[in-house]
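The values are calculated or read from the model by the stated rules, or taken from the named source; none is laboratory data. Here the structure is a predicted model, which means the values were calculated and not measured. No Cβ is skipped: glycine too gets one built from the backbone with ideal geometry, and neighbour counts run over all protein chains shown. Remember, those area values only see protein heavy atoms, side chains included, never the ligands or the DNA or RNA. Shrake-Rupley method; radii C 1.70, N 1.55, O 1.52, S 1.80 Å.
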Amino acid sequence: MQDDDVSALEARLGRMEAYAAGKDLELTTSPPMFLLSGWACLAHSLRDGRRQILAFVLPGDGIGFDLLTRSQRSVEVLALTPLKVRYAQPGFVAGAERLSRVFAGAAAAQQGRMIDHMVRLGRQTALERMAHLLLELHARLAEIGETRGESFHLPIKQEILADALGLSLVHVNRTLQQMRREGLIDMRGSQMTLLDRAALEAASDQSS
């Protein structure tokens, strides 16, 4: 995006709001929005309370602009941490050709991550799933300047990782402990550090 694209997008945006962790953003009654800070997720909940997280939404991501994040009865948009968002004005359209390409690119990236997620859930072991997700989150946060070398802030509980990876909480804890013992990661509170990228990439079937 160039400066005039940023200005054009800014002119199409409206009010800012802040939400507490746990808030359902209720896209059925709200216009599309951009996440300014905090973490959210797209999720589907079953009647018995079980939940599958479909995707994480990070600062800079749009919600409601593409098919995946547009209002759907089966998909919730939940605040995982305190959030700040900025809503689009009614009747929002991308406008200029370059800006339209940016939105198309973002939608394609979201679709690619969803395919990765399907493979993760369907064919990978617990360790492979965890390695794949941690590499994905690091890469996405690096794009917006929220990493420090191989370290990044992971402000979500293990229960959230369990819902994202289709694992039990006990299995998530054991997997993280195994990765620490093998020197793949280091965890200090909410600070995650990838210690052996090559091994993580090999485990997750990814490459730099």
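Key figures
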item: Computed E for VAL93/SER151 - FRET, C-beta separation, R0 41 angstrom, nearest 0.05; result: 0.55
item: Per DSSP, loop GluC sites (Glu not before Pro) in the stretch 1-45 with at most 15 further Cβ within 10 Å; result: GLU26
item: Whole-number D in µm² s⁻¹ for the stretch 1-115, Kirkwood Cα-pair radius fed into Stokes-Einstein, 37 °C, 0.692 mPa s; result: 224
item: Net length gained if the chain between ASP196 and ARG86 were fully extended (0.36 nm per residue, minus Cα distance); result: 35.9 nm
item: Burial ranking of peptide ranges 146-154, 124-132 (average Cβ count within 10 Å, highest at the top); result: 124-132, 146-154
item: Within-10-Å neighbourhood charge of GLU76 [Cβ basis; K, R +1; D, E -1]; result: 0
item: Entry for percent of Cα pairs over 24 Å apart (calculated from the structure that is shown) out of [x] 44; [y] 50; [z] 54; result: [x]
item: Trypsin sites (Lys or Arg not before Pro) within the stretch 1-48, DSSP loop, no more than 11 other Cβ atoms inside 10 Å; result: ARG47
item: Net length gained if the chain between VAL6 and GLN206 were fully extended (0.36 nm per residue, minus Cα distance); result: 68.7 nm
item: The chain - percent of accessible surface contributed by carbon and sulfur, probe 1.4 Å; result: 51
item: Whole-Å distance, taken between Cα centres, linking the stretch 96-111 and the stretch 115-157; result: 22
item: Full-extension gain in nm, SER30 to LEU121, via 0.36 nm per residue minus C-alpha separation; result: 29.7 nm
